[in-house]
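Engineer: Here it is, the structure, as structure tokens.
Derivation of every value follows stated rules applied to the coordinates shown; laboratory data play no part. Keep in mind it's a predicted model, so treat the numbers as computed, not measured. Here the Cβ positions follow ideal geometry from the backbone for every residue, glycine too, while neighbour counts run over all protein chains shown.
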2 protein chains.
Amino acid sequence: MTDLNKMFNPDSVAIVGASNSEGKVGYIIVNNMINDGFKGNIYPINPKDDEIQGLKAYKNVSDLPEVPDLVIVSIPSVLVNPVVEECGEFGVKNMVVITAGFKEIGGDGVERENQLVALGEKYGINIIGPNSLGITDSHTPLNASFSQIMPPEGNIAFISQSGAMMVAIIDWSVTSGIGFSKIISLGNKAGTTEIELIEYLSYDDETAVVICYLESITEDDDFVRTLRKVSYKKPVIILKSGSSSAGAEAASSHTGALAGSDIAFDTAFKQSGVFRVTTMDELFDVGLAFSKCPLPTGRNLAIITNAGGGGVLSVDAMERYNLDLVKFDEKTNARLKEAVPEEGSIKNPIDVLGDAPVIRYKESLEAVLDSDDVDGLVVMVCPTASADADGIADALVEGASGFDKPVIAVNMGGPIFENANDVLRDNGIPTYVFPETAVKVFDYLARFAAVQDRNYDDPVGELDDVDKEAVEEIFAKVKAEERDTLLGSEAYAVAEAYGIEAAPIKLATSAEEAGQLAEEMEFPVVLKIASDKILHKSDIGGVKVGIQSKEEAEEVFEEIMANAKKAHPDIVPNGVEVQKMMDSGIEVLVGMVRDSQFGPMIAFGMGGVLVNLLEDVSFKLAKGLTTDEIAEQMESTKVMGLLKGFRGEAPGDIEAVKSAIIRIAKLTLDFPEISELDINPIFVYEKGSSALDIKIKLA
Amino acid sequence: MTDLNKMFNPDSVAIVGASNSEGKVGYIIVNNMINDGFKGNIYPINPKDDEIQGLKAYKNVSDLPEVPDLVIVSIPSVLVNPVVEECGEFGVKNMVVITAGFKEIGGDGVERENQLVALGEKYGINIIGPNSLGITDSHTPLNASFSQIMPPEGNIAFISQSGAMMVAIIDWSVTSGIGFSKIISLGNKAGTTEIELIEYLSYDDETAVVICYLESITEDDDFVRTLRKVSYKKPVIILKSGSSSAGAEAASSHTGALAGSDIAFDTAFKQSGVFRVTTMDELFDVGLAFSKCPLPTGRNLAIITNAGGGGVLSVDAMERYNLDLVKFDEKTNARLKEAVPEEGSIKNPIDVLGDAPVIRYKESLEAVLDSDDVDGLVVMVCPTASADADGIADALVEGASGFDKPVIAVNMGGPIFENANDVLRDNGIPTYVFPETAVKVFDYLARFAAVQDRNYDDPVGELDDVDKEAVEEIFAKVKAEERDTLLGSEAYAVAEAYGIEAAPIKLATSAEEAGQLAEEMEFPVVLKIASDKILHKSDIGGVKVGIQSKEEAEEVFEEIMANAKKAHPDIVPNGVEVQKMMDSGIEVLVGMVRDSQFGPMIAFGMGGVLVNLLEDVSFKLAKGLTTDEIAEQMESTKVMGLLKGFRGEAPGDIEAVKSAIIRIAKLTLDFPEISELDINPIFVYEKGSSALDIKIKLA
């Protein structure tokens, strides 16, 4: 793991481009370093001035009396790389490059950025940027940034790929009750990536939660596995803007058409255990909750409110998020009966009524938190004439302190709650204005607890009964013939080599061979013209089903070859394929579409001719695929209802389908040259399955 | 329409239960009336004191020198009805009953509320409440409420079924930039309903948008048609809680109101042209937009931003809301090229860069608004070092004022924008913190423009070729036989009477008749035992398909009757039904479920045995159903893809399906005793259709 400790906790910082001219970036940064509490040595570097803002200035980094732990660079872009080289020679290990004019401007800038990356690698320097607005650490404290406000202290680490939005958030945080451990402006992330930073932050004791605004994900050979190591320890919440174009690439296959443009990111995040949000509001609402709350151990939520309407809205939201409305046990009921007057409600959501005094809130919340059935609590206050906002806040803080359970406040109003909100947030209780938000963030808290319980096995990696060489040979032959699409018989051979149950297809190049192959299979068989160039095989008389004898097969061979010749005199077919006719079963589809960033994505769903109409399909990345994820993938489709036995019909062999998914994941990971794979349908029987139509395309 | 003018603009107001004791409701209301600017006469009514808060008090309403335009009642519940009676005799026409202790407490309270309603009807009094927190009108001005804060003035009318949440919103509005024309606490809405209020507000010049928090919808004979009259004039936004079954429970325990099933509400709101939102945030975000903006004429949105990231987030949100990212024409491009430096982007979203001065914003926004292709504009400002928040706000106000198009500001930050936000909101530009919200509210603005363009015809009402008497006769017979389920032959006769194309089914009570009926149809036919008591007809040998001749039909009749007798010696079947076997077609389902509040809901979707697995179905209320809505209903299903001709297959007769929907709507509206109706499948052919299996159940 990249050691970024001295990046954020340096004992000494040099600012290259330090300036005495107010308003200049080099001025602001030195000013921030001096005034925002940094306790170590600050070294302004400037070729002209001897003193910068009262500090002794140096002409070069290499003139310094010590190797600085961190160097900030804000000089014209053409001068940056020589400085990085100098720093490297001098032994600097951490740099933040503020200067813009690199990859983002194209042309020269791209080359300049490549050189910067090379220098970083050569000298082992961690480089944040270029085109970064800098970094802050409120615990060090360190404001090595462009931001004129030092962000409020807290335990949220915020990584932003947009500098302007980082500044916006810092300003907004002042009124939102959000506090930060570190803020990092990624810039072009030429050196240190968001993935390295997230990994580093997962070990940072001052950070409880990592929230990210990202416009791209850095290519990483094993994104999912890397982030899993983090996400089971610490919540990571990502707002990823922009859509991936990868999914659309292979739209010619069924699977490709089904994969939406954004599905690869969605799937990758889900399998990594990080949370994806879709709006800025959500990013910070959820971040705030994780920064304050202990984690729940389940999804049982209780609600206390002084307005019935708020209770109803909460329950509506709970249903949207699939949370459980606790039913209180007798002991809790008895305590609540003591606390709440009869006209109220002691059934969850608890209605303490509009005239509720502080003591009624306090007794109710203690009764509820004391129950083992309750995993978390939302307490809502409407500013009725008798509501004592501050008193209730104090009661909440006191009451909640005795329990290691998340308590979330909804203070529905404005100025009345200003002080109460401060008190609550300072004491580990996040507050929101509306009940729906509180319920939503509890869902995230509970989902993180579930992420921690995940079981990461590796059924694909454990597979060893596959014949890789056989497939290599087939592919070599296909490539040698300058084809990109496998014949049915070749695809069958590939399936066979990887243990995927399929209906046998063999290629016959003579009538005699056709007869022989047909006899080796069980009758009836199908004969089909074999050529990747003839697309509408049925239309030209190239397919004949229900063949019952050796003799018939021999005859039909000649017939089909003649039909093909007549229709396409210019095409020389590979022969005629003989396929065993299978009993029909439940029709499913398993396919693969390859994402340029995350590799093979395996599709599972309802099969048959209506695949693209019904769109009953679910995707998982092959890399890192676990047994639980396959089960989840299957459960999220409607065809699973058929496999379980729909309305008294026979069920399908679910294990056989799982095996097919695992084997196709293995095959497509082993062979990056497979650009598309579609099996539709697979007939699933009560015992076993059979792939009917396998399409494999090579890149 | 109910005349509520003097309710909100009274010249004189009496407060029954007026008090000199601080903290009492009767004190607060008089205090609010005096201090929040009411200009008419205020008459405190109190049996004991001669003076209340400096005003002459009267013992009874009937002692007053004039008939007050409005009477507020806040006295013990048992005393309320006598006062209402007194008011009625005296000629009072508008009352607000603050007092609680009516339907919501059950028992006596229910009876008390019934009496109150009866008195209101007897004397023609508009009664808001009981159990209301009162009403406010910031233009009159009138604070006839419990709220200690007079809500800020504006043009949003807010109707709330929860008093506590009303108070919360008033407090919150102080910081949110929201202003109100009227705020109405509905209470138990025993008298004046939310529907009457919405209708009244649609004519109120001081109200630009009506927003409602509702826990139930008052039963109204023609909800959809009533609200349509409003919603094409003025936007109505409703947060209806209690959508979940669990939420509905809480709602009934709280207000005593009956919450309907959620799909009925969804459908009713959609067909009414009102907007349903799911969270409080959304209710006010959208309300703010309508209160400030002119309406767009289309869905083409332009974005100007000084942070690339914000542009990307906006575009992501636009994709979610199906909005169109305008491509600028050459003229606009040329103007933008002048305004924006090369490193920026003049392609939508326009990136004016982090260093954008005010003039760059101003020129860009004028160029964009001047283009006829642009229906609306979102302008985003991140507080970069060079961003002049106030200057940009002024430029926005000035620039936008020349165009009748919605301009929405995103000021991403906190304190820096405090003044700018005030300036913008005061000048018709709503402001939000995050870009996603701005995009979302524009979607609502554009959707309202579409609501105004709706075409409300009445294809169901225009239908006149139906034979109602024939159906009455059939139902009478079924009821006489004490059955609730129609036989197939009866259901066919009903379909025939209403012009629904169906496969003929006739009942034979003898072998001879069976043969004759079969011959009258075309062969082949099916014979099926006719009895509503025999459920699994095939299992007992009660069904025989593919019958090809008269003789065969006669034989099979006897065979089926014998099988039935053997299996169920105690059941006397009605006979054997003869049905014509139809060619198969595209299978669709048309059905009806009856909502207790909104009447028949017509379902359309994919038919066949997998109906409940695929859940490809869409609902519309039969009442007020329009041609466009039927088209919309069909378009929202996947089976529509089959009807349009899927992958080269023959299309289905869409007009035939529409006709079936209209006729089933008519049938189920004409006969409220039909509790359930299911036709699955209807075979749809290239020309025409045929209902195969029609199930009709009577209540």
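Engineer: How charged is the neighbourhood of A:D329? Take every other residue with its Cβ under 11 Å from the Cβ of A:D329, and add Lys/Arg as +1 and Asp/Glu as -1.
Structural biologist: That works out to -1.
Engineer: B:A508: net charge of surrounding residues, Cβ under 10 Å, Lys/Arg +1, Asp/Glu -1, itself excluded?
Structural biologist: -3
Engineer: Okay, moving on. Quick one: B:V578, A:V556, B:V526, A:V378, fewest Cβ neighbours within 10 Å first, how do they rank?
Structural biologist: Ascending number of Cβ neighbours within 10 Å: B:V526, A:V556, A:V378, B:V578.
Engineer: If you take the beta carbon distance between A:Q115 and A:T278 as r and set R0 to 25 Å, what does 1/(1 + (r/R0)^6) give as a FRET efficiency, to the nearest 0.05?
Structural biologist: 0.10
Engineer: Summarise the partner chain shielding of A:611-622 as one whole number: the mean count of Cβ atoms from other chains within 10 Å of each residue's Cβ.
Structural biologist: Mean partner shielding for this stretch: 2.
Engineer: Would you order A:V545, A:V236, A:V230, A:V611 from fewest to most other beta-carbon atoms within 10 Å of each residue's own beta-carbon?
Structural biologist: A:V545, A:V230, A:V611, A:V236
Engineer: At what distance in angstrom do the alpha carbon centres of region B:416-481 and region A:553-571 lie from each other?
Structural biologist: What the calculation gives is 61 Å, centre to centre.
Engineer: A follow-up question, please. Note down the nm distance, to one decimal, between modelled labels 7 Å out along Cα→Cβ at B:A699 and at B:V609.
Structural biologist: With each label point 7 Å from Cα toward Cβ, the separation is 3.5 nm.
Engineer: OK, next. To the nearest 20 debye, what is the magnitude of the charge dipole of region B:586-698 about its Cα centre, counting +1 on the Cβ of each Lys and Arg and -1 on the Cβ of each Asp and Glu?
Structural biologist: 120 debye
Engineer: Which residues in region B:357-392 have a backbone N closer than 19 Å to a point placed 7 Å from the Cα of B:E398 along the Cα-to-Cβ line?
Structural biologist: Inside the label zone: B:357-370, B:379-381, B:387-392.
Engineer: What is the helix-to-structure angle for B:389-401, meaning the angle in degrees between its Cα long axis and the longest Cα principal axis of chain B, kept from 0 to 90 and rounded to the nearest 10?
Structural biologist: Once rounded, one gets 60 degrees.
Engineer: Roughly how crowded by other chains is peptide A:316-322, in terms of the mean Cβ count from those chains within 10 Å of each of its Cβ atoms?
Structural biologist: What the average comes to for A:316-322 is 5.
Engineer: Can I ask one more? Need the C-alpha centroid separation for region B:603-656 versus region B:78-155, integer Å.
Structural biologist: Between the Cα centres of region B:603-656 and region B:78-155 lies a distance of 47 Å.
Engineer: Magnitude of the Cβ-charge dipole of the protein assembly as shown, K/R +1 and D/E -1, about the Cα centre, nearest 20 debye?
Structural biologist: Its charge dipole is roughly 1640 debye.
Engineer: One decimal, nm, shortest first: give the distances between the label point of A:E153 and those of the same position in the other copies, each label point 7 Å from Cα along Cα→Cβ.
Structural biologist: For A:E153, the inter-copy label distances come out at 4.7 nm.
Engineer: So for A:M7, B:M601, fewest C-beta neighbours within 10 Å to most, what's the order?
Structural biologist: B:M601, A:M7
Engineer: Another question, then. Treating cross-link reach as a plain straight distance, find the lysines whose alpha-carbon is under 25 Å from the alpha-carbon of B:K39, omitting any fewer than eight places away in the same chain.
Structural biologist: Excluding near neighbours in sequence, the set is B:K6, B:K24, B:K56, B:K59, B:K93, B:K182.
Engineer: Note down, for region B:270-319, the three equivalent ellipsoid semi-axes (square root of 5 times each alpha carbon gyration tensor eigenvalue), biggest first, whole angstrom.
Structural biologist: Ellipsoid semi-axes (Å, largest first): 24, 14, 12.
Engineer: Please compute the net charge surrounding A:A665, taking Lys and Arg as +1 and Asp and Glu as -1 over other residues with Cβ under 10 Å from its Cβ.
Structural biologist: Residues close to A:A665 contribute a combined charge of +3.
Engineer: On to the next question. Taking only DSSP H segments of four or more residues, each worth -39500 (n - 2.57), what value at 222 nm results for chain B once the sum is divided by all its residues, to the nearest 500 deg cm²/dmol?
Structural biologist: -12000 deg cm²/dmol
Engineer: With no solvent and one equal point scatterer per Cα, compute the Debye intensity ratio I(q)/I(0) for chain A at 0.05 Å⁻¹ and report its log10, rounded to two decimals.
Structural biologist: The calculated log intensity ratios at q = 0.05 Å⁻¹ are -0.36.
Engineer: Average partner chain C-beta neighbours within 10 Å, per residue of B:590-599?
Structural biologist: Across B:590-599, the average partner-chain Cβ count within 10 Å equals 0.
Engineer: Between region A:283-338 and region B:4-53, what's the alpha-carbon centroid distance in Å?
Structural biologist: 40 Å
Engineer: Using only Cα atoms, find the angle between the long axis of helix A:263-272 and the longest principal axis of chain A, and express it within 0 to 90 degrees, rounded to the nearest 10.
Structural biologist: On a 0 to 90 degree scale, this one is about 70.
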